[in-house]
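The values are calculated or read from the model by the stated rules, or taken from the named source; none is laboratory data. Just so it is clear, the structure is predicted and the values come from calculations on it, not from any experiment. Glycine gets a Cβ as well: all are built from the backbone with ideal geometry, and neighbour counts include every protein chain shown. The accessibility values were calculated without ligands, DNA or RNA, using every heavy atom of the protein model including side chains. Shrake-Rupley method; radii C 1.70, N 1.55, O 1.52, S 1.80 Å.
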Amino acid sequence: GAGVSQSPRYKVAKRGQDVALRCDPISGHVSLFWYQQALGQGPEFLTYFQNEAQLDKSGLPSDRFFAERPEGSVSTLKIQRTQQEDSAVYLCASSSGGTSGSYEQFFGPGTRLTVL
Amino acid sequence: AQKVTQAQTEISVVEKEDVTLDCVYETRDTTYYLFWYKQPPSGELVFLIRRNSFDEQNEISGRYSWNFQKSTSSFNFTITASQVVDSAVYFCALSGINQGGKLIFGQGTELSVKP
């Protein structure tokens, strides 16, 4: 299919380990978003890219979180020195539009991160 | 500040009943967009509808209908003649023209349709 894909689907990390989560957006989509969804909650915004430019990272909870999209396509969310509170589902979404907020976002299946 | 409130945490109905999911929002933007997404047990968020703040027409799509009322800042979602396959968590979301495209989600309403 041509939807948003994420890998791995599941990741178990020991506290203190670094993890990297990958997102492949829909081909041609300029906008890419990362969200964090805690159990039983709605997704919460982490960061936004337009092509390779990271235009908004206001939702990243700490400086242990880092995201990149170097060629304007695939994106990686990296979490350094993971903590138990980082356990959540990390969702990636892409859209064809810019920053107006009017465009539908297509979501991937998410990566479920469990930090022991 | 932008905020979305879905006061109903869980709803349980019997198949063929009608059910309405409530959504109330807050925003200072004069132009904004409202969305509903469905999250089935598989976990992937599925887009259902988008409305802009200038279009208060209600919309019907098959068994689904949406009632947008700016006067009460509400964007409610009704499923008519519910089916077991409608069981999922439903999220209402808001995006403002000055918010850079990010979606602000409500807490979600878990709908359980029993046969």
In the range B:1-24, residue nearest to B:I79 (Cα to Cα) [restricted to those that are in contact with a Gly (Cβ under 8 Å, 6 or more places away or on another chain) and more than 10 Å from chain A (Cβ to nearest Cβ)]
B:C23
Between A:S102, A:S73, A:S87, A:S62, which is more than 9 Å from every other protein chain (Cβ to nearest Cβ), without any contact (Cβ under 8 Å) to a residue 12 or more places away in the chain and of a type outside the set (D, E, K, R)?
A:S62
Turns out the strands (runs of 3 or more DSSP E) fully within the range A:1-104 with at least 3 residues that are open to solvent by less than 10 Å² (accessible area, probe 1.4 Å) and among the aromatic types (F, W, Y) are A:31-37
Output for the range B:88-114, where each listed residue is within 7 Å of chain A (Cβ to nearest Cβ) and in a strand (DSSP E or B)
B:F91, B:S95, B:G96, B:F105
Do we find that A:T114 is away from chain B (no Cβ under 11 Å), in a loop (DSSP other than H, G, I, E, B) and at pLDDT 95 or above in this structure?
no
Filtering the range B:32-54 for residues that are polar (S, T, N, Q) and either in contact with a His (Cβ under 6 Å, 6 or more places away or on another chain) or more than 8 Å from every other protein chain (Cβ to nearest Cβ) (or both) leaves a count of 2
